[in-house]
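Below: one structure in structure tokens.
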Amino acid sequence: MKIPLPRIKRQHRVIPGFGLAMGITLLWLGLIVIIPLALLVIKPWEIGWQQSFAAIMTPRSLAAFKVSFGLAMLAAVINVFLGLLLAWVLVRIDMPGKKIIDACVDLPFALPTAVAGIALTALLVPQGWVGQFLTPLGIKIAYSQSGILVAMVFIGLPFVVRSLQPVLEELGRMEEEVAASLGATASQTFWRVSLPTIFPAIITGFGLAFARGLSEYGSIIFIAGNIPGRTEIVPLLIAVKLQQFDMAGAAAIGVAMLLLSFVILYAINQLNRNWWRSAARESKSGVSESHDLTSFLLVGSGDGQHSPAESAPQSSDTMATPAYQQRLAERQREMTSDSPTPRKVPRFLRQKEPRP
Amino acid sequence: MTITVENLSRNFRNFKAVDNVSLTAEKGELLALLGPSGSGKTTLLRLIAGLEQPDSGSVIFEGEDVTRLDVRHRQVGFVFQHYGLFRHMTVTENIAFGLRIKNRRERPSKSQISERVQELLHLVQLDRLGQRHPDQLSGGQKQRVALARALAVEPRILLLDEPFGALDAGVRKDLRRWLRRLHDDLQLTTIVVTHDQDEAMELADRVVVMNRAKIIQAATPAKIYDQPNDPFVFRFLGAGSAVPLLFNTLGHWRSPKMALGGEVMAMLDRSERARQAAEAGDQQLDLFVRSHQFEMMADSKGDWRIRFAALTGRSIRFEVQYIGNIGNIGSIASQEPPSLNPGAPTPDALTYEVDLSREEAEENGLSLGTRVTLTVKSGLLFPR
């Protein structure tokens, strides 16, 4: 017996099998992300809500949170400036060995973080190559918070560079030349034209570098000195708790870190999205997003004084009014025609003296 | 405002982009810089704008030497082929940009700025699209915004670099005519760079043909088409080809392969150039003939055969191939002036392009494979 199934009209898609693709996506998300995270959330329940909260609110873990989030934020800020400079140089300036520098940018990705940590520590300890010059100046980097910052900057930099590079390449010089021809100074061009265009990429790079710095463990534990309350980062604190078989406490701190990171990253993403939306919002008051002529016509006049409901033709009467017809024709011409006829020349553009 | 360029040169490494060029654009004139890509026309425009610094020579605006003046202070309106609109700004903000960045003393008030933007939107007929973003506009609309933005700061001159190059053929044509009318209203000295000869002819008061970093000819469209001063200009402005002439025993320059009309023969007998070539003992003289200056008759004993025909609207473009005495084709073919596009495939034998009206072609019973005779109705000689 055949069961009559409702026929679903299938659209052609590039990736075959919507069901299969969606299934794999959900399975992946479940196995790799949701289940482990759920476990992390369930674990603290063993010791109860209050105990978990107490584990987070100890002075030691609060200090660790401060160190981790504060320094990751600061490192991301530094990375934005460094990365912007580096990406700018790589995109804009022709110099010998550029390709090698370009390749070096990715090294922190590939290098085992422990190796990076040991190398940075060796350089920056008071007897190290760099450290020996800093010590007389009273600057202490290794085994201090500055050391953590250095490690975070080191591993976060590629994220900013790689987010900015493609956008800078696309930006091109044309917009800058236009700005200059309109009388803009170099700094006006940078602040008003270049920076706003690349701003979303900067935010993305910032978010990535921040997340990377926050999660970094390998290199920091070598350079930080790990003094509880001063140079101890959250990931290390979790490791310490695990070594003391305080699973639930470790999980509680883990969850807190997870939530905090999520909130911050979500905020960054929203900021990024709003950047474009605020741009689109202004245009929405005038015109629907749609480029479709008919839908545009239904939305009414473009100056935003008519809501769609007001100007949408409810009956044939409305459509027959001369005003509507005229507006329709005008709109149609404006939307479809690229052959405008010159109109009255504004007074400020009129030539002061007639042509000889 | 008059724009004068004197002995301007610009090299990029070893490549001469602009080589000792001098040019004057009269007040209120619309000048088209025409040439193939790499001919230096865009560089010349950028030098005039101040976006590029010359190695030598000077740029003069109305008697004032602006060669060392920064682009910011030259007060030029520059429009790029790819618009260069600021993506994060609305149309209104784009147009207002040049006014908003002025320092406080020169900056118009907010209401003045918005009034001027409205006037400009009206001028380029985008009144209702002021709140849109560039990615919500068509190519033609974008270019009109770019133009309005350039006009907002009251430029002394207007420079357009292939303004319609990225647009569809239809839009291009409309916008070109619109620009011409706008120019007539504004009377702003304008220089347009283009590689499209139709565009240059239709748009400009004067066409400046450039090739290999130099100006070859600068003249009105009619003059540049009818009296080109160089084979390059001849070839660049329309279909045409060189017919090699040999000096015959009777003391005339004649083509061994096709007939010459009476007008052409009279011209050759009068021509100073032809006399000089004969006196110098030249082996060959090139007569430059436009594709519509040939006459073609069906003839079963003709030396030519139609090997290709394509309808180009009102007329038909034929490609006719020499099939007569094969003996000296090689020598003549090799002496043909080099093709305009070195990459284009060269015909393997002596061929000419001939344009005939459809009626004419039908009357004469011409079709693919027909044997024909060719007659040159008129043509041009160029000084050596």
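Right, B:P337: part of a loop (DSSP other than H, G, I, E, B), over 17 Å from B:S255 (Cα atoms) and modelled with pLDDT under 90 or not?
no
Which condition from (1) of a type in the set (A, V, I, L, M); (2) under 15 Å from B:G84 (Cα atoms); (3) more than 14 Å from chain B (Cβ to nearest Cβ) is the one that A:I155 breaks?
Failing condition for A:I155: (2).
Further, regarding this structure: Taking the conditions exactly as written (within 14 Å of chain A (Cβ to nearest Cβ), touching a strand residue (DSSP E or B) at 6+ places or on another chain (Cβ under 9 Å) and assigned to a strand (DSSP E or B)), does B:L159 satisfy them or not?
On the way: within 14 Å of chain A (Cβ to nearest Cβ): yes; touching a strand residue (DSSP E or B) at 6+ places or on another chain (Cβ under 9 Å): yes; assigned to a strand (DSSP E or B): yes.
Here the answer is yes, as B:L159 does meet what is asked.
Among the residues in segment B:144-156, are any farther than 25 Å from B:V66 by Cβ and either of a type in the set (K, R) or surrounded by 19 or more Cβ atoms within 10 Å (Cβ to Cβ) (or both)? Talk me through it step by step, then tell me what you get.
Taking segment B:144-156 and keeping what is farther than 25 Å from B:V66 by Cβ, we get B:144-145.
Imposing the further condition that a residue be either of a type in the set (K, R) or surrounded by 19 or more Cβ atoms within 10 Å (Cβ to Cβ) (or both) reduces the set to B:144-145.
Yes.
Return only the number of the condition from (1) more than 8 Å from chain A (Cβ to nearest Cβ); (2) within 22 Å of B:F61 (Cα to Cα); (3) out of contact with any helix residue (DSSP H, G or I) (no Cβ under 7 Å at 6 or more places or on another chain) that B:I191 does not satisfy.
(3)
Having 2 or more residues that are within 30 Å of A:P346 (Cα to Cα) and of a type outside the set (D, E) is the bar; report the helices (runs of 4 or more DSSP H) wholly within segment B:168-253 that clear it.
Details: elements: B:169-186, B:197-203, B:221-226, B:231-236.
Counting at least 2 such residues, we get B:169-186, B:197-203.
In segment B:259-266, is there at least one residue being under 14 Å from the mean Cα position of the chain (by Cα) and farther than 12 Å from B:G379 by Cα?
Initial filter on segment B:259-266 (under 14 Å from the mean Cα position of the chain (by Cα)): none.
Checked segment B:259-266: no residue is under 14 Å from the mean Cα position of the chain (by Cα) and farther than 12 Å from B:G379 by Cα.
Of all the residues that make up segment B:77-110, how many are within 31 Å of the chain's Cα centre (by Cα) and of a type in the set (V, I, T)?
2
Here is a further query. Out of B:R144, B:R100, I need the residue that is modelled with pLDDT under 95, more than 8 Å from chain A (Cβ to nearest Cβ) and out of contact with any strand residue (DSSP E or B) (no Cβ under 8 Å at 6 or more places or on another chain). Which one? Break it down stepwise before answering.
Details: B:R144 fails: more than 8 Å from chain A (Cβ to nearest Cβ).
Every option except B:R100 fails the conditions.
Which of (1) in a loop (DSSP other than H, G, I, E, B); (2) without any contact (Cβ under 8 Å) to a residue 24 or more places away in the chain; (3) more than 18 Å from B:P383 (Cβ to Cβ) does B:G281 not meet, given it meets every other one?
(3)
Another question about this same structure. Return only the number of the condition from (1) among the basic types (K, R); (2) facing another protein chain (nearest Cβ under 7 Å); (3) surrounded by 20 or more Cβ atoms within 10 Å (Cβ to Cβ); (4) closer than 25 Å to B:I191 by Cβ that B:R132 does not satisfy.
Exception for B:R132: condition (4).
Select from segment A:10-21 the residues that are surrounded by 11 or more Cβ atoms within 10 Å (Cβ to Cβ) and at pLDDT 80 or above and list them in ascending order.
A:A21
Given the options A:A142, A:A180, name the one that is assigned to a helix (DSSP H, G or I) and either surrounded by 22 or more Cβ atoms within 10 Å (Cβ to Cβ) or within 22 Å of the chain's Cα centre (by Cα) (or both). Walk me through how you get there before you give the answer.
Values: A:A142 fails: assigned to a helix (DSSP H, G or I).
After applying the criteria, what remains is A:A180.
Sticking with this structure for a sec: Quickly run through segment A:124-156 and pick out the residues that are more than 24 Å from A:K66 (Cα to Cα) and free of Cβ contacts under 8 Å to residues at least 12 places away in the same chain.
Residues satisfying the conditions are A:Q127, A:W129, A:V130, A:G131, A:Q132, A:F133, A:L134, A:T135, A:P136, A:L137, A:G138.
For residues that are surrounded by fewer than 18 Cβ atoms within 10 Å (Cβ to Cβ) and of a type in the set (G, A, S), scanning just segment A:195-224, find the one that is farthest from the chain's Cα centre (by Cα).
Residue satisfying both the conditions and the ranking: A:G218.
The values are calculated or read from the model by the stated rules, or taken from the named source; none is laboratory data. Only a predicted model underlies this, so the values are computations on that prediction, with no experimental measurement involved. Note that we place each Cβ from the backbone using ideal geometry, even for glycine, and neighbour counts take in every protein chain shown.
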